[in-house]
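A.B. asks: Below is a structure I'd like to ask you about.
Readers should treat all values here as calculations from the given coordinates under stated rules, not as data from a laboratory. Being a predicted model, the structure only gives us computed values, none of them experimental. Quick reminder, even Gly has a Cβ in these numbers, built from the backbone with ideal geometry, and neighbours come from all protein chains shown.
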Amino acid sequence: MAEKKATREAYGAALAALGEKYDFLVLDADLAAATKTGMFKKKFPERFFDCGIAEGNMMSVAAGIASTGKTVFASSFAMFAAGRAFEQVRNSIGYPHLNVKIGATHAGITVGEDGATHQCNEDLALMRTIPGMTVICPADATEAYAAVEAAINFVGPVYLRFGRFAVPDLSAEMKDYKFEIGKGVTYRDGKDVTIVATGFMVHLAMEAAEMLEKEGISARVIDIHTVKPLAEELLVNAAKETGAIVTAEEHNVIGGLGAAVCECVSAKCPVPVLRVGVEDKFGKSGTVPALLEAYGLTAAHIAEEAKAAVALKK
Amino acid sequence: MDQSRVLELKRTANEVRKGIVEGVYNAACGHPGGSLSIADILTYLYFEEMNIDPKDPKKADRDRFVLSKGHTAPGLYATLALRGFFPVEELKTLRKIDSRLQGHPDMKHIPGVDMSTGSLGLGISAACGMALSAKTYGMNNRVYTILGDGESEEGQVWEAAMFAAHYKLDNLCAILDLNGLQIDGKITDVMNPTPHDEKFRAFGWHVYTIDAHDFNSIELGFREARQVKGKPTLILAKSVKGKGVSYMENSVDWHGKAPKADEYETAMADLEKIAESLK
């Protein structure tokens, strides 16, 4: 079993380690202890600026910093980075295409007990609609670390989505693991159906594929860490070769990865696509396992939908 | 200031006003009132105060300017054109398809525009970011931003005000264009944001009040701002909305409306009369 680690931990570790190699500033909005930017703050206090509980201002401040040619990270919970500060991200960062990296942690329902006001299941949809915004949702700690470095080396606005709770670090066990913005990672080949997952749902997709294998269904598993721009060729090939797709994400089934995959294959290779995610509902309080069960974010549900997708094939 | 220099600046500001009327008239829409109220301050900034170079609009050590009240882009564009950032003739393309002169400032395409603005409250925060970056990286440049008085009703303005004072951004100078009017009427009737001086002081700023149409007063304000250490400065600029065009002065109707042909003629005649008086 792979080691479990939260992607937000990897985010903080990456900032602190890469701060040695690269010149960038980090902003947070009174959540440094939770977003883990505190690890960077401790090491580089002169390059860290707390903006207080004022996320809108933070995003526009980040834009101002980026306009002077400096790379800057701006962090908060996904709810406040993408939600509360949407307009600042769109107008101050997105419209002028400034080099701001938005580090959004505590995305989705795995925030847990804090409940609906803090569980952002809409950020991928919001960020994806901003022209020129790159949207990344790493599957695990190793991928999260690599995504942070890739974002530093990439010129342009990037939204990075991280989670609160610890998930298996599958990428750490992959041979020759390589992260490239806009690509996907094929975890497992298969011919009957493709499970396209993002974030920690990738490891549940792998479990689902094992379940399906026992029932004689060969499932391909693709990790789409970059929700925008989408690895279209990889997905179109999967559609062609397996004839059915199930998407899996910790996000509303409206507007996120599932929607992005539908938009792509409906135009380029129409096949049945079923979407596993939060079914257009608000979250609620509970432990993470209880929430995952309650909202159907489980390997069993993915496997079920995969079978349904196979049945829809002509 | 030397009185011949004052006269020169007055002439330039009058040309800026002509450029505003020209742009808005040709666009058949736009925001003349709040552009005219800041014409003198823009003129002072670009022709006297700021370290900028129209031949090298992106030079790293330049002073930065953010038009937080981005809808008054016609004023900024006219000033930039007269300062040599792009041809004055181009002002006639304002707001037209394929023109780089967007309805609100676009830093990606317009030479001399340091930040894209238009959504109120965002520009002052961006200016804070520029000032913070300059301080962090040991640059000596200064950052200027013009806010609207109506704009100060936006909560983000006060988030930025808190931020600038907290990080002691004494390289930041904000100018609040106190013309007293916003779209729906007098600022004191719509949602009273006054008193700005007491509020900004309470937020930790140095505040200095000027007459926005008197270059000697404007100069005193910017000189004072340069002297202040350890805190940002707010120049509270008492202005007349629509200044220079007889029928637009102090009229809420001319916030976001373009003159028709006869009104255009009257406006240009008003400004021509001022030009004559400055000869």
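A.B. asks: For a quick check: with amide H placed at 1.01 Å from N, whose amide H comes under 5 Å from A:SER75's, ignoring anything fewer than 5 positions away on the same chain?
C.D. replies: A:LEU27, A:ASP28, A:ALA29, A:GLY103
A.B. asks: Let me ask another. What ³J(HN,Hα) values, in whole Hz, does the Karplus curve 6.51 cos²θ - 1.76 cosθ + 1.60 give for the range A:90-107 when θ = phi - 60°, with x put for Gly and Pro?
C.D. replies: Listing the rounded values in order: 5, 7, 7, 9, x, 4, x, 6, 8, 7, 9, 9, 9, x, 10, 9, 6, 7 Hz.
A.B. asks: Moving on. Work out the charge dipole of the protein assembly as shown with +1 on the Cβ of Lys and Arg and -1 on the Cβ of Asp and Glu about the Cα centre, then indicate which of A:PHE24, A:VAL89, B:ALA73 is farthest towards its positive end.
C.D. replies: The residue sitting most towards the positive pole is A:PHE24.
A.B. asks: Roughly how big is chain B's charge dipole about its Cα centre, with Cβ charges of +1 (Lys, Arg) and -1 (Asp, Glu), in debye to the nearest 20? Working shown, then result.
C.D. replies: Details: 34 positive and 39 negative charges, 151 e Å.
Dipole of chain B, to the nearest 20 debye: 720 debye.
A.B. asks: For a quick check: with amide H placed at 1.01 Å from N, whose amide H comes under 5 Å from A:TYR159's, ignoring anything fewer than 5 positions away on the same chain?
C.D. replies: It is A:ILE102, A:THR134, A:VAL135, A:ILE136, by chain and number.
A.B. asks: In addition: Excluding same-chain residues fewer than 8 positions from A:LYS21, which aspartates and glutamates have a Cα within less than 20 Å of its Cα?
C.D. replies: Leaving aside aspartates and glutamates fewer than 8 places away in the same chain, those within reach of A:LYS21 are A:GLU9, A:GLU46, A:GLU143, A:GLU149, A:GLU180.
A.B. asks: Nearest 5 percent is fine: what portion of the DSSP beta bridges confined to the protein assembly as shown is antiparallel? If you can, show how the numbers build up before the last one.
C.D. replies: On the way: 9 of 67 bridges.
In the protein assembly as shown, DSSP labels about 15 percent of beta bridges as antiparallel.
A.B. asks: Related question: Please give the calculated 222 nm ellipticity per residue for chain A, where each DSSP H segment of at least 4 residues contributes -39500 (n - 2.57) and the sum is spread over every residue; nearest 500 deg cm²/dmol?
C.D. replies: Details: 11 runs with 112 residues, N = 314.
-10500 deg cm²/dmol, from helical runs alone.
A.B. asks: Calculated from DSSP H runs of 4 or more alone, at -39500 (n - 2.57) each and per residue, what is the 222 nm mean residue ellipticity of chain B, nearest 500? Walk me through the numbers on the way to the answer.
C.D. replies: Working: 10 runs with 116 residues, N = 279.
For chain B, the value works out to -13000 deg cm²/dmol.
A.B. asks: Which residue, B:ASN179, B:ASN14, B:ASN140, tops the fluctuation ranking in a GNM of chain B built on C-alpha contacts under 10 Å?
C.D. replies: Answer for the Gaussian network model of chain B: B:ASN140.
A.B. asks: Using a Gaussian network model of chain B with C-alpha springs under 10 Å, which one of B:ILE41, B:ILE52, B:ILE235 is most mobile by mean-square fluctuation?
C.D. replies: In the Gaussian network model the winner is B:ILE52.
A.B. asks: Same structure, new question: Of A:SER76, B:GLY129, A:PHE44, which is farthest along the charge dipole of the protein assembly as shown in the positive direction, counting Lys and Arg as +1 and Asp and Glu as -1 at C-beta?
C.D. replies: It is A:PHE44.
A.B. asks: Report, please, the projected area of the protein assembly as shown averaged over directions, based on the convex hull of its C-alpha atoms, in nm². Write out the running numbers ahead of the final one.
C.D. replies: On the way: hull surface 113.7 nm².
Value for the protein assembly as shown: 28.4 nm².
A.B. asks: Ok, one more. Can you compute 3J(HN,Hα) from phi for each residue in the range B:149-158, using the Karplus curve 6.51 cos²θ - 1.76 cosθ + 1.60 with θ = phi - 60°, rounded to whole Hz and x for Gly and Pro?
C.D. replies: Taking θ as phi minus 60°, the curve returns 6, x, 4, 5, 7, 6, x, 4, 4, 7 Hz for the range B:149-158.
A.B. asks: Hey, another quick one. Show me, bin by bin at 5 Å from 0, the whole-percent P(r) of the range A:1-40 based on Cα pairs.
C.D. replies: Per 5 Å bin, starting at 0, the Cα pair percentages come out as 6, 24, 28, 21, 12, 6, 2, 1.
A.B. asks: If you don't mind, another one. In which sequence would A:THR242, A:THR247, B:THR43 go, from the one with the fewest C-beta neighbours within 10 Å to the one with the most?
C.D. replies: Fewest-to-most ranking of A:THR242, A:THR247, B:THR43: A:THR242, B:THR43, A:THR247.
A.B. asks: Same structure again: Skipping prolines and chain starts, which residues have an amide H placed within reach, meaning under 5 Å, of the one on B:LYS241, given they are 5 or more residues away or on another chain?
C.D. replies: B:ASN250
A.B. asks: For the range A:193-314, what relative contact order do you get, as a whole percent, if you take Cα pairs closer than 8 Å and at least 6 residues apart? Walk me through the numbers before you get to the answer.
C.D. replies: Numbers: 212 pairs, mean separation 37.8, N = 122.
Once divided by the residue count of the range A:193-314, the mean separation gives 31 percent.
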